[in-house]
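Since every read-out is calculated from the coordinates, none of them should be taken as a lab result. Every value quoted in this text rests on a predicted model; they were computed, and no experiment measured them. No Cβ is skipped: glycine too gets one built from the backbone with ideal geometry, and neighbour counts run over all protein chains shown.
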Amino acid sequence: ATTRTISGCGIVKASPEVFYTVVGNGRKMTASTCSGATNFATSLMLWQFQCSTCAWGSNADSSCDDTDGARVTWDSIADQTYTLVVFGRLADSEGNFGISVTDFENPGNDYCAQAQSLQINGAEVV
């Protein structure tokens, strides 16, 4: 692989990459390489609007149980095509990975006034 800057993202990388597309459905979506099949340190990037706008997902903001996976979550637009790019976090790194895309409803309590209280061992958490 050659070192290149990914347009619109300010990212310089030197590892092979694999591209996937997914169509939004108007719900919140998550793409993840957090998988037992992933055997090298991956990064995930989400391109929107024909690769001109990116949302960056990396291990730093993932909650994978391992250190190799990455996750990115976004609010999808119905019928909008998104491009997912999987590549190695380290120069020239490559290997096997598992990838999944899931969708879910946005929570109905996005504001503080609508927040639901949590109960832990019968006591309300404030």
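Structure notes:
- Within the shell defined by Cβ-Cβ distances under 15 Å, the residues around Ala78 carry a net charge of -2, with Lys and Arg each +1 and Asp and Glu each -1.
- Multiplying the residue separation of Phe40 and Ile77 by 0.36 nm and subtracting their alpha-carbon distance yields 10.2 nm.
- Zone residues, the range 23-42, relative to Thr67, backbone N less than 18 Å from point 7 Å out along Cα-to-Cβ: 33-42
- Segments 33-45, 70-82, 17-29 sorted - mean Cβ within 10 Å per residue, highest first: 33-45, 70-82, 17-29
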